[in-house]
Structures are given as structure tokens and as C-alpha cells.
Amino acid sequence: MGEPTWSIDDVPEKPGVYLFRDEAGKVLYVGKAADLKARLRSYRRPGGDGRLLVRFLVEQARSVQTIVTRTEQEALLLEDSLIKKEKPPHNIRLKDDKSFLMLRLDLGERFPRFKFVRAHSPKEDRASGRSRFFGPFASTSSLRRTLADLHRVVPLRDCPDSVFDHRTRPCLKHQIGLCAAPCVGLISEHDYRLHLERAARVLSGDIRELEDELESRMRAAAAELAYERAAVWRDRLGALRRTVERQGVRPSDTKDRDVLALARAGNEAVVQRLAFRDGRLSESRSHLFRSELPDAELWHSVLTALYGSGRREPPGEIVLSELPTDAALLAHVLGREIEFVVPAGGERRRMLEFAEENARAVLGRREREEAVEEAALGELAKLLDLEELPETIDCFDVSNFQGSNVVASRVRFRHGHADKSGYRRFKVRGVDGQDDFAAMREVVGRALRRGVEDFELPDLVVIDGGAQQLESALAARDEAGAWDVPIIGLAKARSERKVRGATKAASEERIFLPGAAAPLELARHSPARHLLERIRDEAHRFAITYHRKERGKIRSQLDSVPGVGDQKRKALLRRFGSVAGIRAASLEEIAAVQGIGRELAQRLREHLEKP
């Protein structure tokens, strides 16, 4: 396929939006411009040979459509709307990295300690103010050094609860001044909270008060010729300054600014955003995406995605490594006067380098994860004799309680990662009582029929179960007409193994294959096993969550009937399977259930028939 021949001769020199489309008319990329003609001309090489600068335009784009707007602000809003509608593959859709290295302080504990975490707090946790987070940190070693220096200045506990709750005397860290020993009551809760507040201020960048105090103690000791004591305060003062400098969170002014850094490897990109407010680091987020755009064009798209359409209030200053395309226009369109700064040195350069270090760390971790995932998918393809890597894997799990309220889940993983848009929940409708095999056949059939209709079938289906569940799923696949989709079962088997001379029970994962005489046993440290376990456990979690929700509905419907308690509710569900089954039963059938009787059956029917 040759280079596209679309012309820009008739494109107006006005603000608007442009859409690159492929041969089938699908939108590949949506952009905005103050001057449509000038922007589209910028995609061609400056030398005048007409060749395109961006690879995906060369390989895929066959036409360009333009939409003229009255103002640049209208173009911004229209671009945002079209991206949401068309979901073009080459536009930036920022995703927060929710597993970066942070310090978490659980304020709900009696004597809280700093803990290493790789996730931000849940929304309700943040909303309640129960936890505080500090960071991010570029590496585990950087975080450990920061925490060690912090404990030299503020003596907080760092032992786990299993140790803390059983101590009868202070540990060695208390003797060398690194812990206040709350475990044995050597510090009150009130005083310990004061230490916590001081540590939180240090990690937030506010060290002026503590810095002055340590410097005063150092000078006083030196004046008394107590040089060893002065050296202790000097070392603690140095630890305090290193703690803040290692995070890059101590600007000399209080100007509101965002520092944005970019790290790229192929079409993988990470933007690290550090938000400084009132002289402190108030927020840090990593955004991962794929893009082949040149850096200046990419920055234009990133800034629009971050601050466009009122998503967040932009600060007065944005520090970044390169000016975006149409920087003046972008500052105007975002709704306030914004200064874009590309620092050559000084404090802003230090902040940018810190953000770049974090961005590279995220990208490096992502590359390592992808290498592990690629190895797992390769091993799985070889194990199952698949012609290609199973990039899209669906997993099904059935959940019920004594045969009542049967539900099922499907989770979808792409390239080894959970794809929440592919998650589905199912209420099993055509099965009476507890029949997991029939339930599996129903939900797999429903899902694959929909996949056949939408031309969106997975590369592999995993069933949580053994040979009989697999047989049911294979029958459903054939009924749905999805004959080419490979299906396997995954189940555990109990075994025994020797550990230090003793015999211990262990669970071994086994893969059940269609037509195989015996299941395959997966090696304990196999990447394929770890991947399959992760997918299966997610399917189980998703099914259990849904089942608990449905059980809660049933409990509220039946327990609100006077005279129906826990035992009678269980008896009714064992007999009829669900509330719908009870509603469909005759008065005589309900009354025949042990412990119900005609009077209670009548009351139950009247209650369930209410709108």
C-alpha cells in the first residue's frame, strides 16, 4: 500500500478539527488547530518532498476530514467529543499508573507506622481521611534510604504488628534513638501523634521548623564543647535535608506549578506529573499510553487531555522538557494565562530531572512486566500447541449458594492485563437447582454467541473447573458456532511434597485439554501457571462479589416477611432455587416446604406479589 495522496489545497486557514481515516473510513486520529491548513502541512517533511513524518499516517491514513469551528475553544470541545465517540487508536487516552511506590500512613491505627505500598488509596479511604500517602519514589532503595533518614530525625516504630503486639521490652532501635518504643508504653499516644505530624510535614517538604531546631541543638552542643553530641545533631540535620532532596519536593517559592516529564520506548510512553501547590508536592501521577507522535505534537495532546474541558484546573506555570505545538494557542484555549517553561538549569531543572527519573522508573517496570507477560503467553502457546500467542484470554467461573441464586462471571485479559471493558456478569436463567455443569454450558454459550455476532472472539477460553466443566463448555462452543476457539479447564489437585524432611499437603494446578487422557500438571514456578492463576482468581473474585450482592437482595426480600428466618429462607431456596422460583410456585407447593405451612405461604405470596 503506497503513501496516501490526500491534498490540503482546499483546506481553509481557519480553526477547527481534523480527522485522519483509514481505507475503511475508520478514524485513526483526531486533532485540533488554530489554522487547519498550517497544521496539516506540518505533518509533511520540511524539505518539501511531501513525505509524511508520522509512521501511522504513512501506513494507514488514506484520507483526512476537516471540520471548521468559529473559535479555538470550540475546536477543543469538539475534539474532546469526537475522541470519546470514535475512540481513535492513535489519540492519547491517559491511564493512571496505580501501582507506583509510595509510603502509606494508616491514621486509624493506635500507633501508626509508614508502610511501603504499590497502590493509591481507595476512594473511600481518601475521602474519610483515614490514610495519607507520600511519594512517589523512583525505586525501593530510594524509599528505604528516605525512611531510614526519616527515623533518625523522628523516632517512629517500623516493626509489624505481629512484633509490636508481643514485645515486653524495648528493642535495639530504641537504644540507638531510632524508635520511641510505643510498644512498651515509653511514649504516650498524644506525643506519638506529634511525632507523626512532624514526619508528615517533612515528607510534604516543610522542614523549616525542624531544621531550625536541629541546627540550634548542634550549635549549642558545639558551644559547650560537646562535639560528639554536636556530630549527632549534624548527622540528623543532614538526614533531614536528604529526605526532602531525595523526593525533590522542596521548591524555594510557593508558586503553583505542574512539572511534566516524558519517557518513551518505541510506542510506549509515560508522562509523570508532579503538582506543586503552596510550595509543596501535593500530587504525583504517572500516565501510561501508546503513541507514535513527535514529542511536540504529543505534548500538545497530553496537555489537552490533562487540562482540557475542565478536567482539572491548570496551574500558572507548567514545566516540561519541550514546548508543545501551538503553545500560545494552547495556553489561551485552556482558559487562563499559563506560562510554559523549558528549564535549562536551576531549581526547575532539578524538579524536571526528578520527574524524569520517576517516568523512566515506571517505563522500566512496565517493560519488565511486559517481558514476563510475553514469556508467559509464549509458554502457554507452546504448552497448548497454539499457532499464535493467546493475546485475548477469557475466563469463566460459576458461583452459587446451595444451588440457589446461581450467577457467573467472565473476565477478559489482553496481553496479560485485566481488560475491565470485557468483564461480564451473568444470571443463570435456564438451570434449576445446583447444576454447575449446565450453568457453565449456559453462560459460555451466551458469551460466545455474542462474540460470534460481534466478531469479537477470544484467542483462548479458560474454564474454572475440571473435565466435566470443560465438556460442558465445549458443547456450548459448538452450539454457538465458535469452533475455532480453544478451551481449557483449570483445576487444582491435592498432593503431598517433602519440606525439610516433613510431608506437607500442596495444591497442584492442572490443565484439562479436550480429548486428553490425563490433565497436564503445571510447574510450580512456571510463568504460564502464574498467569493462569491470576486470571482464574480474578474470575473467582468477580463472581463472588456479584453473588454476594445478589444474595443480599434475596435476604432483604425474604427476611422482610414476618415469620421467615434464616432456616426457612434456606429451605425455600433449596426447594425453588431463587426468589423468582418461589414467586412462580403454587400456594400448595410453598406450603409443603418443611416449616412453612399454609398461613405463612399465603403471607409470603402476598409479599412477593407486591410491586
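The values are calculated or read from the model by the stated rules, or taken from the named source; none is laboratory data. No experiment lies behind these values; they were computed from the predicted model shown. Here Cβ is always computed from backbone atoms with ideal geometry, including for glycine, and neighbour counts include all displayed protein chains.
Do we find that Leu572 is modelled with pLDDT of 75 or more, assigned to a helix (DSSP H, G or I), surrounded by 16 or more Cβ atoms within 10 Å (Cβ to Cβ) and under 32 Å from the mean Cα position of the chain (by Cα) in this structure? Give the derivation first.
On the way: modelled with pLDDT of 75 or more: yes; assigned to a helix (DSSP H, G or I): yes; surrounded by 16 or more Cβ atoms within 10 Å (Cβ to Cβ): yes; under 32 Å from the mean Cα position of the chain (by Cα): no.
So Leu572 fails the test.
Cβ-Cβ under 9 Å, sequence separation 6+ or interchain: first residue in segment 163-177 and without any contact (Cβ under 8 Å) to a residue 12 or more places away in the chain, partner loosely packed, with under 15 Cβ neighbours inside 10 Å and assigned to a helix (DSSP H, G or I). Which pairs?
That search, which allows pairs on different chains as well, returns nothing.
Restricting attention to segment 38-57, report how many residues are surrounded by 14 or more Cβ atoms within 10 Å (Cβ to Cβ), at pLDDT 70 or above and of a type outside the set (Ser, Thr, Tyr).
The first filter runs over segment 38-57 and keeps only residues surrounded by 14 or more Cβ atoms within 10 Å (Cβ to Cβ), leaving 39-40, 42-44, 52-54, 56-57.
Right, trim to at pLDDT 70 or above and you get 39-40, 42-44, 54, 56-57.
Next, only the ones that are of a type outside the set (Ser, Thr, Tyr) stay: 39-40, 44, 54, 56-57.
Total meeting the criteria: 6.
Can you tell me which residue in segment 78-136 is modelled with the lowest pLDDT, limited to those that are closer than 20 Å to Ser421 by Cα and in contact with a helix residue (DSSP H, G or I) (Cβ under 6 Å, 6 or more places away or on another chain)?
Asp97
Can you tell me which of (1) crowded, with 17+ Cβ neighbours inside 10 Å; (2) out of contact with any helix residue (DSSP H, G or I) (no Cβ under 9 Å at 6 or more places or on another chain); (3) not in a helix (DSSP H, G or I) is the one Val407 doesn't meet?
Condition not satisfied by Val407: (2).
Please indicate, with yes or no, whether at least one residue in segment 519-539 is assigned to a loop (DSSP other than H, G, I, E, B), among the basic types (Lys, Arg) and either modelled with pLDDT of 75 or more or in contact with a helix residue (DSSP H, G or I) (Cβ under 8 Å, 6 or more places away or on another chain) (or both). Break it down stepwise before answering.
Residues of segment 519-539 that are assigned to a loop (DSSP other than H, G, I, E, B), as a first pass: 519, 522-526.
From the residues that got through so far, the ones that are among the basic types (Lys, Arg) too are 524.
Add one more test, that the residue is either modelled with pLDDT of 75 or more or in contact with a helix residue (DSSP H, G or I) (Cβ under 8 Å, 6 or more places away or on another chain) (or both), and what stays is 524.
The answer is yes, given that some residue of segment 519-539 is assigned to a loop (DSSP other than H, G, I, E, B), among the basic types (Lys, Arg) and either modelled with pLDDT of 75 or more or in contact with a helix residue (DSSP H, G or I) (Cβ under 8 Å, 6 or more places away or on another chain) (or both).
Assuming Glu337 fulfils every condition listed in (1) over 20 Å from Leu298 (Cα atoms); (2) more than 30 Å from the chain's Cα centre (by Cα); (3) without any contact (Cβ under 8 Å) to a residue 60 or more places away in the chain; (4) assigned to a helix (DSSP H, G or I) apart from one, which condition is it?
So the condition that Glu337 fails would be (4).
Just a yes or no: is a residue in segment 204-222 at pLDDT 75 or above and of a type in the set (Val, Ile, Thr)?
no
Taking Val232 as the residue in question, decide whether it is at pLDDT 70 or above and either touching a Leu at 6+ places or on another chain (Cβ under 8 Å) or among the small types (Gly, Ala, Ser) (or both).
Numbers: at pLDDT 70 or above: yes; either touching a Leu at 6+ places or on another chain (Cβ under 8 Å) or among the small types (Gly, Ala, Ser) (or both): no.
Judged against the criteria, Val232 is not a match.
Test Leu172 against the stated conditions and say whether it is surrounded by fewer than 19 Cβ atoms within 10 Å (Cβ to Cβ) and at pLDDT 85 or above.
yes
If the requirement is being modelled with pLDDT of 80 or more, in a loop (DSSP other than H, G, I, E, B) and of a type in the set (Val, Ile, Thr), which of these qualifies: Val17, Val11? Walk me through how you get there before you give the answer.
Numbers: Val17 fails: in a loop (DSSP other than H, G, I, E, B).
Step by step, each of Val17, Val11 is checked, and only Val11 is modelled with pLDDT of 80 or more, in a loop (DSSP other than H, G, I, E, B) and of a type in the set (Val, Ile, Thr).
Considering only residues that are touching a helix residue (DSSP H, G or I) at 6+ places or on another chain (Cβ under 6 Å) and either surrounded by fewer than 15 Cβ atoms within 10 Å (Cβ to Cβ) or not hydrophobic (A, V, I, L, M, F, W, C) (or both), which ones fall in segment 466-489?
Gln468, Gln469, Ser472, Arg477, Glu479, Gly481, Gly489
Scan segment 293-301 and tell me whether some residue there is in a loop (DSSP other than H, G, I, E, B) and free of Cβ contacts under 8 Å to residues at least 12 places away in the same chain.
Here is the first cut: in segment 293-301, the ones in a loop (DSSP other than H, G, I, E, B) are 293-294.
Pick out the ones that are also free of Cβ contacts under 8 Å to residues at least 12 places away in the same chain and you get none.
Checked segment 293-301: no residue is in a loop (DSSP other than H, G, I, E, B) and free of Cβ contacts under 8 Å to residues at least 12 places away in the same chain.
Need pairs with beta-carbon distance below 9 Å; first residue closer than 16 Å to Asp385 by Cβ and of a type outside the set (Val, Ile, Thr) and within segment 503-520, second part of a strand (DSSP E or B) and modelled with pLDDT under 85; sequence gap 6+ or separate chains.
Pairs that qualify, where the first residue is closer than 16 Å to Asp385 by Cβ and of a type outside the set (Val, Ile, Thr) and the partner is part of a strand (DSSP E or B) and modelled with pLDDT under 85, are Pro519/Ala493.
What are the pairs, 6+ residues apart or on separate chains, where a residue within segment 588-604 that is surrounded by 14 or more Cβ atoms within 10 Å (Cβ to Cβ) has its Cβ under 7 Å from a residue that is assigned to a helix (DSSP H, G or I) and basic (Lys, Arg)?
Here the result reads Ile590/Arg605; Ala591/Arg598; Val593/Arg575; Ile596/Lys568, each pair linking segment 588-604 to a residue that is assigned to a helix (DSSP H, G or I) and basic (Lys, Arg).
So which of Val341, Val271 is surrounded by fewer than 20 Cβ atoms within 10 Å (Cβ to Cβ) and in contact with a strand residue (DSSP E or B) (Cβ under 6 Å, 6 or more places away or on another chain)? If you could, list the steps in order and put the result at the bottom.
Numbers: Val271 fails: surrounded by fewer than 20 Cβ atoms within 10 Å (Cβ to Cβ).
Exactly one residue qualifies, and that residue is Val341.
Could you tell me whether segment 585-593 includes any residue that is at pLDDT below 80, more than 36 Å from the chain's Cα centre (by Cα) and not basic (Lys, Arg)? Don't jump to the end; show me each part of the working.
Of all residues in segment 585-593, those at pLDDT below 80 come to none.
No; the residues of segment 585-593 include none that is at pLDDT below 80, more than 36 Å from the chain's Cα centre (by Cα) and not basic (Lys, Arg).
Yes or no: segment 347-354 includes at least one residue that is touching a Phe, Trp or Tyr at 6+ places or on another chain (Cβ under 9 Å), farther than 30 Å from Ala580 by Cβ and surrounded by fewer than 20 Cβ atoms within 10 Å (Cβ to Cβ).
In the first step, residues of segment 347-354 are kept if they are touching a Phe, Trp or Tyr at 6+ places or on another chain (Cβ under 9 Å); the result is 351.
Filter again for farther than 30 Å from Ala580 by Cβ, leaving 351.
Cutting the leftovers down to surrounded by fewer than 20 Cβ atoms within 10 Å (Cβ to Cβ) gives us none.
Scanning segment 347-354, I find no residue that is touching a Phe, Trp or Tyr at 6+ places or on another chain (Cβ under 9 Å), farther than 30 Å from Ala580 by Cβ and surrounded by fewer than 20 Cβ atoms within 10 Å (Cβ to Cβ), so the answer is no.
It is to be established whether one or more residues within segment 366-382 are in a helix (DSSP H, G or I), surrounded by 16 or more Cβ atoms within 10 Å (Cβ to Cβ) and of a type in the set (Asp, Glu).
Of all residues in segment 366-382, those in a helix (DSSP H, G or I) come to 366-382.
This time we only want the ones that are surrounded by 16 or more Cβ atoms within 10 Å (Cβ to Cβ), so: 366, 373, 376-377, 379-381.
After this cut, where a residue has to be of a type in the set (Asp, Glu) as well, the list is 373, 379.
So far as segment 366-382 goes, yes, one or more of its residues are in a helix (DSSP H, G or I), surrounded by 16 or more Cβ atoms within 10 Å (Cβ to Cβ) and of a type in the set (Asp, Glu).
If only one of Leu288, Leu303, Leu293, Leu298 is hydrophobic (A, V, I, L, M, F, W, C) and over 17 Å from Glu322 (Cα atoms), which one is it? Give the derivation first.
Numbers: Leu303 fails: over 17 Å from Glu322 (Cα atoms); Leu293 fails: over 17 Å from Glu322 (Cα atoms); Leu298 fails: over 17 Å from Glu322 (Cα atoms).
Only one candidate passes the filter, namely Leu288.
Among the listed residues Leu237, Leu262, identify the single one that is more than 20 Å from Arg350 (Cα to Cα) and either surrounded by 16 or more Cβ atoms within 10 Å (Cβ to Cβ) or modelled with pLDDT under 70 (or both). Walk me through it before giving the result.
Values: Leu262 fails: more than 20 Å from Arg350 (Cα to Cα).
After applying the criteria, what remains is Leu237.
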